[in-house]
Structure formats: structure tokens, C-alpha cells
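Undergrad: What follows is a structure written as C-alpha cells; I'll ask about it next.
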Amino acid sequence: MPTLLTDPLVQRAAALVLDAFEDYDARFGDLTRRARRRFVRRDWRGAQADAVARIDMQDGFLAEALGRFEALVGERMRSRAFWAAVRERYGELTSGRADAALARTLFNSMSRRFFLTEGVAPALEFHEPGDGAPGDPSCPGELRPLPDGADASERWRLALRSRGFPHRDLEADARAIADAVAGRLDAHADARGPDVDLLDTVFYRERRAYLVGRVDAPGGPRPLVVALVNEPEGVRADAVLVERDRVSMLFGHAHSWFHADLARVGDAVAFMHALLPHKPVSELYSVLGRGKQGKTERFREIQRHFAAHPDEQLVRADGVRGMVMAVFTPRGLPVVFKVIRDRFAEPKDSVRADIEGKYRLVSRRDRVGRLVEAQEFRRLRFPRAAFEPAMLRELLEECAETVVDEGDAVLVRHCYAERRLRPLDLHARERPVDEALRAVIDYGQAVTDLARSGIFPGDLLLKNFGVSRHGRALFYDFDELCLLEDVRFRDVPEPREEDETRPLEDWLYARRDDVFPALFTRFLGLAPPLREALLEAHPGIFRAGWWREVQARLRGGGHFDVAPYPDAARLARPGLSGTATAPSRAGS
């Protein structure tokens, strides 16, 4: 090894990997910075195209980087000792960098992709499961107090003006934000308002821009987010969030990734983690657009959990046994692992490639806070003793193409990891009536939100939805998910006289893409009071006509505003009329 470390080719190879990382980071930054121009120009199609391009860039760039590496080192590409020496030298080159974690994750991805690493290869990758701080939560050079001013309204006016957006009424925005922050924190006494610090970087996602920071409040600092929208008349402030739960959901795993041109991503993660301590670091990296780092941190969280709980058990996840996926979970960690079965039970007629395609589709869509993020992992190794015997037997018998018994360990060649949720069907039966009612009503809103974003879940059974710790209904079973444009919504025809005594399935003809919303209630399995409440709150989702109206609007280039926060977070703006948006309830 000492000889290899001084080999000039090792030095050049390590420098090449660092150059590749900086190249990737520059391209990532270029796509991210476009978000401001897209927002100002109201170029929503361009913004969506950039979001997809940035996601796809990760895997495409990896192949490019490996090609450059092989062109430099030739046959030594296959030498593990050579890679180990490059890893050591690369560690030296990246030591002390603010983006060292991101840079080292690229090296890991390259070595794992080339050697098809199973489990962990410590000599060939940076393996740091320790629970170290990801960055400096004070965000030096990024986090600043509101500018000085005579009162809170003036301070907010100066802060808004410094961002350079074409506000339709800057003064009104500043007053509304100052009043909302003071009112929600009960901080009316001081005319200057509570102490506020904002990140310089503006966060963008879909059709909104966000100012992100913190506010001094009784009991300690709280997160603070100001949401901006750009309408034909100009930019206006739409909402203020100072509640941890609301900000946590905004930065949640069911939303698409932000475009935020942060110079020091680790500092921003540490800043948000200090304000939202229940939010895993892995999810924060992902929601800031660094999906590969999010996966790395999720893997480390899993490793730390098993190291701290040697008696941990991997058991079948609660809920109805899936026909397509075998799902297991650690008892003490809120994550599930989903493995595609070798064969699917009737009436499923999909194949593995179809299911993988559904997950790729979800990763590239606006998830509107209703589709759980699924992180794709390959070649994970678990201790065999950790598996509950029945769960291990199911995996080895029904997922043999993917799961391998290695004696003391079990290799899972391919799986998806998701945040664990309580299945909605169980939640509705277990919880008090008022909690069950709220979850079921929000289920209706989830179906509505997905429809308005162009997604049809396919299978609307409650077992395919979960309830988050915030009581929010999220969709996590993507087996039948499809684009709304691919579905034909039909009314149930009146039966002929000779059909009235025959079962519905004997006389109702349906093609593969036909859906009959009027029949949804037959399969939900809800108690009558819950079913009636759902029908009253969201009648549209049970009417084919409503679905066709949504389709027609989307096909005509229309848009539904699916806000990532509740109406209660929106600013009171007397006398100011915004552009019309879709009603918040289906059929209302």
C-alpha cells in the first residue's frame, strides 16, 4: 500500500474523481439556479423539465465518471488494491472541505457500481456510520438577521426587496408577513417584531418560492417559512409557517425536492435538523435535492440502529400482505423495506419491470405531499439472526430471485426503503372515532390532490394508504398507479331488465383502462358513519364526471393549485384578489 499511495497514477486518479465531483456539482448548480428564472418568468413547464433533468443526471453522470476513470487507469480499473489506494488519496484531497460528504458519496457510488459491491466494502468506500453533525447549524455566511428598520413591517420590506422579486404590492406583503409572524407567536408588544434570521438562499419547488429561516419564540427558536407565489399580476406572499409540524411536512418525504442553490448543503441540513429534531438527516438531504447523500445517510441510520440494538428484529410490516411486494421492517426504526416478489398473485398481471417503472414514474413527478419517497437500494446485507423466522422464510421462498441466504447474513439484491406509516385501514379501526374521521377525510383529500396533479392511484383501497405522525394520509403502494390521462372514467350504465338479478361483474363490460368511480365505496371497507362522512366531504371522487372534468382541465393546459400547506397558514389579504385556484375539496 505505501508504494501504491505514492504511485503517480493513484494521485491522478484521485484528482480525476475530485474533478468529476466538481463537474457534477457545477452541472447540478446550473440546473438548480435556473429555478429562479423559471419562477420569475412563470415558466412552469421548464421548471418541471429541470426537476426531472436534475434527477436523471445522477445516474447518467455516474456512467460518464466511470468511463473517464477507466480511460485514465486502463486495466488497473479492476484492481481492488488500486481503488483502495485511490480512496485513501481521495480522502486526503477532500479532507476539510465543506462538501466532503457529498464528494465522498460520489466515490462510493463509483466503486459500488463498478465492483457491484454487496453489503459494505470498507477498503473501497467511505464508511462512516458515526452520528456526527452534518455541518454547522449557524450557517456562516448564509444565515442573516432581518435588516434594520423602524418596525417589523419595514424590516420585512427590506428583506423582501433584497431578494429582487417583482412584487405586485411589496408594502402589503411586508405588512401581512409581519402581522402573521407576530400574531402567531403572540409577539405584538415589540414594534420591531421578534428576532428573525433568514437564509440568503431562496428555496424553489413547483410553482412556489420560499424564504427559510428561524424566529425567536417563547420556548426557543422555531422554524420560519414564507411562501411566495407568482401570478400574472406579480409576486405576492401567500403563506407564513412558524409551526414545527407544518414546516416538517413542507420538508417531508412525500414532497418533491427543493431547488436551493446552497453553497454549504451540510450546514443547511444541520440548521434544519436543529429546528426539526424529529426529521431524519437522510430526509433533509434528499428534500434539498441531494438524493444520493440522502440514501447514504439513510443507510448509516440503519447501521447505527442495528449497532445500538443488537437484538433488533426484522418482521413483516403491519397491514394486509401485499400481492406484489414482501415488506419487512425493524421493530424499532420507522422504515420499511419492500422487495418485489418473483411471481404476483392473481389478479395482478404485471411483471417486475412494470413495478420498477411505477417507482421511477413517482420519483420524477410532483408528489404534492401525498406520495411517499421510495429510495432504491441494491445489494444490502442484513444479519440473518435479525429476521423473524416467518419473514425470512417468506423472503427466501417468494423473493428468491432477489434475496440470498448467505449463512450468517441475508443479501437483498434490490429493494425500496420508505418511511414506515400506519396503514389507513388499521388506523381507521384502531383509533378513536374523531381521529379515524380526520384520517378518512384526509384520505379523500389525498385522492383529490393526486388527481389534480395528474396521478390516479389505481387501487384506492385504504390498505394502500398510510397515516403519518402528523395524521396525514399518504399513498405508498404504487403497483397500480398510472397517469390520469391513461384512464377512462365511466359511469355505471343502467342494467337491462334481464341483468337486474345477475351479479354486476356478469353484465358490466370493462376494458383494462376502464374505471367506475361510483363503485369505489363497495371496496373501501369503512364503517357506515365514516363512509357517509367521506361521501359528504369528497363527493367528486365517486363521480365519473368529476374525474373527466379534472382530465379535461389538465389536457387543456390548465393547472390546479395543490398548496403544500393548509389554508390556515395563508395570509389574510383584505381587498386583494389572487388568481382563481381549484376548490380544496373534490366536488365542492
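The values are calculated or read from the model by the stated rules, or taken from the named source; none is laboratory data. This structure is a prediction, so every number in the text was calculated from the model and none was measured. All Cβ positions, glycine included, derive from the backbone under ideal geometry; neighbour counts span all protein chains shown.
Undergrad: Could you list all residues from region 374-399 that are closer than 13 Å to H253 by Cα and either of a type in the set (A, V, I, L, M, F, W, C) or at pLDDT below 95 (or both)?
TA: A374
Undergrad: Right, another one. Is it the case that R155 is buried (at least 21 other Cβ atoms within 10 Å of the Cβ), among the charged types (D, E, K, R) and touching a strand residue (DSSP E or B) at 6+ places or on another chain (Cβ under 9 Å)?
TA: Criteria met by R155.
Undergrad: Just give me the residues in region 74-114 being in contact with a Lys or Arg (Cβ under 7 Å, 6 or more places away or on another chain) and either in the same structural domain as E376 (by TED's automatic domain parsing) or in a helix (DSSP H, G or I) (or both), in sequence order.
TA: Correct list: F82, T94, L102, A103, T105, F107, S109.
Undergrad: Restricting the first residue to region 303-324 and requiring it to be in contact (Cβ under 8 Å) with a residue 12 or more places away in the chain, which pairs with a second residue that is part of a helix (DSSP H, G or I) and basic (K, R) meet a Cβ separation below 6 Å and a spacing of at least six or different chains?
TA: Taking only residues 6 or more apart or on different chains, the pairs are G319/K463; V320/K463.
Undergrad: As an exercise: evaluate M57 against (1) without any contact (Cβ under 8 Å) to a residue 24 or more places away in the chain; (2) closer than 24 Å to F114 by Cβ; (3) not basic (K, R) and give the number of the one condition it does not meet.
TA: (1)
Undergrad: Let me ask you something else. Only one of these is surrounded by 19 or more Cβ atoms within 10 Å (Cβ to Cβ) and out of contact with any His (no Cβ under 9 Å at 6 or more places or on another chain): R381, R367, R341. Name it.
TA: The conditions single out R341.
Undergrad: Sort out which residues of region 331-376 are assigned to a loop (DSSP other than H, G, I, E, B), of a type in the set (D, E, K, R) and over 18 Å from F258 (Cα atoms), and write them in order of number.
TA: Listed by number, the residues that qualify are R331, R341, D342, R343, E346, K348, D349.
Undergrad: Take the residues in region 465-479 that are of a type outside the set (A, V, I, L, M) and closer than 14 Å to I441 by Cβ, then tell me which one is surrounded by the fewest Cβ atoms within 10 Å (Cβ to Cβ).
TA: Looking at the filtered set, the residue picked out is G471.
Undergrad: Next question, about the same structure. Would you please name the residue that is surrounded by the most Cβ atoms within 10 Å (Cβ to Cβ), looking only at residues in region 299-318 that are modelled with pLDDT of 95 or more and under 25 Å from M249 (Cβ atoms)?
TA: A317
Undergrad: Of all residues being of a type in the set (K, R) and in contact with a Gly (Cβ under 8 Å, 6 or more places away or on another chain) in region 377-398, which is nearest to F258 (Cα to Cα)? Just the residue, please.
TA: R379
Undergrad: Name the residues in region 166-223 that are part of a helix (DSSP H, G or I) and either acidic (D, E) or within 27 Å of L31 (Cα to Cα) (or both), would you?
TA: E171, D173, D179
Undergrad: Got at least one residue in region 435-445 being within 16 Å of the chain's Cα centre (by Cα) and more than 17 Å from D318 (Cβ to Cβ)?
TA: No; the residues of region 435-445 include none that is within 16 Å of the chain's Cα centre (by Cα) and more than 17 Å from D318 (Cβ to Cβ).
Undergrad: Which one of these does I177 not meet: (1) over 24 Å from V40 (Cα atoms); (2) at pLDDT 90 or above?
TA: Status for I177: all satisfied but (1).
Undergrad: Another question, then. Got a number for residues in region 1-46 being surrounded by 17 or more Cβ atoms within 10 Å (Cβ to Cβ), without any contact (Cβ under 8 Å) to a residue 60 or more places away in the chain and polar (S, T, N, Q)?
TA: Counting residues in region 1-46 that are surrounded by 17 or more Cβ atoms within 10 Å (Cβ to Cβ), without any contact (Cβ under 8 Å) to a residue 60 or more places away in the chain and polar (S, T, N, Q) gives 0.
Undergrad: Continuing with the same structure: Go over the candidates E406, E435 one by one and state the one that is surrounded by fewer than 17 Cβ atoms within 10 Å (Cβ to Cβ), assigned by TED's automatic domain parsing to the domain that holds F542 and touching a residue at least 24 places away in the same chain (Cβ under 8 Å).
TA: One residue alone meets the criteria, E435.
Undergrad: Given the residues A400, A428, which is the only one that is on the phi < 0 side of the Ramachandran plot and either in a helix (DSSP H, G or I) or crowded, with 17+ Cβ neighbours inside 10 Å (or both)?
TA: On inspection, the qualifying residue turns out to be A428.
Undergrad: While we're looking at this one, here's another question. Determine whether A71 is aliphatic (A, V, I, L, M) and closer than 29 Å to C415 by Cβ.
TA: Criteria not met by A71.
Undergrad: Would you be able to say whether some residue in region 94-113 is within 23 Å of D261 (Cβ to Cβ), surrounded by fewer than 20 Cβ atoms within 10 Å (Cβ to Cβ) and among the hydrophobic types (A, V, I, L, M, F, W, C)?
TA: yes
Undergrad: Hey, another quick one. Looking at A385, A451, which one is hydrophobic (A, V, I, L, M, F, W, C) and without any contact (Cβ under 8 Å) to a residue 60 or more places away in the chain?
TA: None of the other options fit; the residue is A385.
Undergrad: Take V235 and tell me if it is within 30 Å of R27 (Cα to Cα) and either in contact with a His (Cβ under 7 Å, 6 or more places away or on another chain) or among the β-branched types (V, I, T) (or both).
TA: yes
Undergrad: Pick out the one residue from T329, T296 that is crowded, with 19+ Cβ neighbours inside 10 Å and more than 30 Å from L31 (Cβ to Cβ).
TA: Exactly one of T329, T296 is crowded, with 19+ Cβ neighbours inside 10 Å and more than 30 Å from L31 (Cβ to Cβ), namely T329.
Undergrad: Let me ask another. Of the conditions (1) modelled with pLDDT under 90; (2) surrounded by 13 or more Cβ atoms within 10 Å (Cβ to Cβ); (3) of a type outside the set (G, A, S); (4) not in a helix (DSSP H, G or I), D131 satisfies every one except a single condition; which number is it?
TA: (2)
Undergrad: Among the basic types (K, R) and out of contact with any helix residue (DSSP H, G or I) (no Cβ under 6 Å at 6 or more places or on another chain): does that describe R34?
TA: Considered against the rule, which asks whether it is among the basic types (K, R) and out of contact with any helix residue (DSSP H, G or I) (no Cβ under 6 Å at 6 or more places or on another chain), R34 comes out as no.
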